[in-house]
Amino acid sequence: MKHNQSSEDYLESILILSRETEFVHRVDVARKIGVSQPAVQKAIKILEASGYVEFDGLHIYLTKNGEEYAVKIYERHCTIKEFLRLHGVNDADAEADACELEHVISEATFDMMKSFVSNRNS
């Protein structure tokens, strides 16, 4: 699967939902991302074909590879959000900007942000 923002957003949302509830359903993902259930169904088929999720017709589960990838994306999101907050960006803007930046910044830039956040929170 070509890694893209949409797929990463779905994986991140499934990860977050799976931490909040025992079972993740299409409707939960649709509400979290703000898309239709048919859009979620299409994305799930792509993610399933790529080996990132399993879908039993009712519940969505991250595979081991899917969970590892989703955790990486979510870590980027949280780190970028905290970096922005530490630089005076309000919570709402930091959240919105982190959602965009997590997909496009280089590893070098992310590593710098991660180091900065770690040093500030130590």
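Helix content alone sets the calculated 222 nm mean residue ellipticity of the chain: runs of n ≥ 4 DSSP H residues at -39500 (n - 2.57) each, divided across all residues, give -23000 deg cm²/dmol. For the chain, averaging the sequence separation of C-alpha pairs within contact (under 8 Å, six or more residues apart) and dividing by the residue count gives a relative contact order of 23 percent. Largest first, the residues Ile33, Ile44 sort by 1.4 Å accessible area into Ile33, Ile44.
Normalising the average separation of contacting C-alpha pairs (under 8 angstrom, six or more residues apart) by the number of residues puts the relative contact order of segment 71-122 at 46 percent. On alpha carbon coordinates alone, what is the Rg over Rh value for segment 23-67, Rh being the Kirkwood radius? That ratio is 0.94, to two decimals. A Förster radius of 30 Å combined with the Cβ-Cβ distance from Asp93 to Ile16 puts the calculated FRET efficiency at roughly 0.90.
Please work out the Kirkwood hydrodynamic radius for the chain, using every pair of different C-alpha atoms, and report it in angstroms with one decimal place. Mean inverse Cα-Cα distance, inverted, gives 15.1 Å.
Derived value for segment 1-41: Kirkwood hydrodynamic radius 10.4 Å. Basis is the mean of 1/r over every pair of different alpha-carbon atoms. Within straight-line reach of Lys45, meaning a Cα separation under 20 Å, sit the following lysines at least 8 residues removed in sequence or on another chain: Lys2, Lys32, Lys64.
The values are calculated or read from the model by the stated rules, or taken from the named source; none is laboratory data. These numbers were taken from a predicted model, which means no experiment stands behind them. A quick note on method: Cβ atoms are made from the backbone with ideal geometry, for glycine too, and the neighbour counts reach across all protein chains shown. Quick note on the areas: whole protein, heavy atoms, side chains included, nothing else; ligands and nucleic acids left out. Shrake-Rupley method; radii C 1.70, N 1.55, O 1.52, S 1.80 Å.
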